[in-house]
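The values are calculated or read from the model by the stated rules, or taken from the named source; none is laboratory data. Computed from a predicted structure; not experimentally measured. Heads up, the Cβs are rebuilt from the backbone with ideal geometry, glycines too, and the neighbour counts pull from every protein chain shown. Protein only, heavy atoms only, side chains kept; ligands, DNA and RNA dropped before computing areas. Shrake-Rupley method; radii C 1.70, N 1.55, O 1.52, S 1.80 Å.
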Amino acid sequence: MADRVTVIGWDGSPLTATARAALGAATLVAGAAHHLALPEVPPTAERIRLGSLALAARRIAAHRGTAVVLADGDPGFFGVVRALRAPEFGLEVEVVPAVSSVAAAFARAGMPWDDAQVVVAHRRTLRRAVNVCRAHTKVAVLTSPGAGPAELGLLMDGIHRTFVICEELGTERERVSVVTSDNAPDHTWRDPNVVIVIGGPAGAADGGGWIAGRDPGTGPRGWVQPDEEYGGYGGGLGEGETQLLRAAQLARLGPRVGDLVWDIGCGSGAFATEAARAGAAVIAVDRLSDACARTDTAARRFGVQLQVVQGTAPHVLENLPEPDVVRIGGGGAAVVSAVADRRPQRIVTHAATRDEAELVGRGLSEHGYRVECALLQSVELDTRAWTETERNVAFLLTGELLRREAPR
């Protein structure tokens, strides 16, 4: 095992005395090409160009001497420190931090970032990073080759955002560009880069001032809101939108940050808005322009972002990005079948009769989903006289994908 391992963050500023001393004593130095070209790197030291962190960590663990690892920004923030400290390598490290690339990017943009979401985009996580950008007004994306500004822009088709792209921060080739998301794919961007993604109206979910990122405590309490919160914008709620049924649907789907939710037959926008309040990206679909307008109004009222698409399912679904979970508020077995073909992890829908529930359930089973069905009955009471005021009955169906598929 190496006698000593020091991880040095580099943000383009002159190295500190501590960092220079560690480098001067190093018998092995690992880093990117521009790190290894620094004049402070001893000419006699073994040099490792960082590619695979696991491979580099094994070589450092086997080294007999003093090792230094150079990394851009703060190496403890989505950086190499986590990989080096993995139990299989047994490395204890000393860290000399620097300004993180995220902090540097926001400084170049002259913007605060305590209210920003921060995500890492690799090829395997790019889709989830895009979903966070869909759902939140300010996101910093730490990119990688193949998952950069151009790819972000391509996957955000239909969503307008502003990109502040900071390339090669701290170097002589540093460049900061501001483009719209639809124009980002038209350019070639240099690595490494950080993309600040900004857009969408400010609303009730913004601010807070006590916790980094999106404040989960803003807005009214409760996963779901009373029916009257949504029923006053040009029409009442549909049969599948009542408060207790929505609560059950949300509990079954469990939308979360990084997910993309489809709400098909969005009606008043109640479910779509509440899924967005959970931090998920949401595409709300309805064939009626009035329903689309009501959904947009509900989202703005509660300060969340979602995409509203007018069209008739299943045809309108063909060009939508892949969902993680789906609520089907209408359309019957044909829509359920079309959704199941897209292989979301979970599907939830409802039926008014047992025959309809059995038909939908068979369709889900044939597509490889494990089906659960519950008969839900809710009775509203006037507590002044404890008399019944309203009764709702529905079959709640949930399909969970049985076969574990590769992450998308």
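Screening residue 35 on (1) open to solvent by 20 Å² or more (accessible area, probe 1.4 Å); (2) closer than 23 Å to residue 166 by Cα; (3) part of a helix (DSSP H, G or I) shows it passes everything except condition (1). Elements of the type strands (runs of 3 or more DSSP E) sitting completely within the stretch 272-379 and holding at least 1 residues that are open to solvent by less than 50 Å² (accessible area, probe 1.4 Å) and within 23 Å of residue 129 (Cβ to Cβ): these cover 281-286, 307-310, 325-328.
Considering only residues that are within 17 Å of residue 155 (Cβ to Cβ) and assigned to a strand (DSSP E or B), look in the stretch 177-195 and name the one that is farthest from the chain's Cα centre (by Cα). Out of the qualifying residues, it is 179.
To keep it simple, each residue is scored yes or no on (1) touching a residue at least 12 places away in the same chain (Cβ under 8 Å); (2) within 30 Å of residue 278 (Cβ to Cβ); (3) touching a strand residue (DSSP E or B) at 6+ places or on another chain (Cβ under 6 Å).
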| residue | (1), (2), (3) |
| --- | --- |
| 54 | yes, no, no |
| 61 | yes, no, no |
| 64 | yes, no, no |
| 74 | yes, yes, yes |
| 88 | no, no, no |
| 98 | yes, no, yes |
| 106 | yes, yes, no |
| 118 | yes, yes, yes |
| 135 | yes, yes, yes |
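Here residue 250 meets the list (1) free of Cβ contacts under 8 Å to residues at least 40 places away in the same chain; (2) open to solvent by less than 30 Å² (accessible area, probe 1.4 Å); (3) over 14 Å from residue 350 (Cα atoms); (4) not in a loop (DSSP other than H, G, I, E, B) almost entirely, failing just condition (3). The one condition from (1) buried (at least 22 other Cβ atoms within 10 Å of the Cβ); (2) not in a helix (DSSP H, G or I) that residue 77 does not meet is (1).
Only a single item in (1) without any contact (Cβ under 8 Å) to a residue 12 or more places away in the chain; (2) within 20 Å of residue 199 (Cα to Cα) is not met by residue 319, and it is number (2).
Would you confirm whether or not the stretch 113-121 contains a residue that is farther than 15 Å from residue 200 by Cα, open to solvent by less than 10 Å² (accessible area, probe 1.4 Å), assigned to a loop (DSSP other than H, G, I, E, B) and modelled with pLDDT of 95 or more? Lay out the reasoning, then the answer.
Restricting attention to the stretch 113-121, the residues satisfying the condition of being farther than 15 Å from residue 200 by Cα are 113-114, 118-121.
Still in the list and also open to solvent by less than 10 Å² (accessible area, probe 1.4 Å): 121.
Of the ones still in play, those that are also assigned to a loop (DSSP other than H, G, I, E, B) are 121.
Narrowing further to those that are modelled with pLDDT of 95 or more: 121.
Yes: one or more hits.
For residue 401, the criteria (1) open to solvent by 60 Å² or more (accessible area, probe 1.4 Å); (2) touching a residue at least 12 places away in the same chain (Cβ under 8 Å); (3) aliphatic (A, V, I, L, M) hold in every case but one, which is (1). For the stretch 123-143, the candidate set comprises residues that are at pLDDT 95 or above and either surrounded by fewer than 17 Cβ atoms within 10 Å (Cβ to Cβ) or polar (S, T, N, Q) (or both); within that set, the residue that is nearest to residue 176 (Cα to Cα) is 143.
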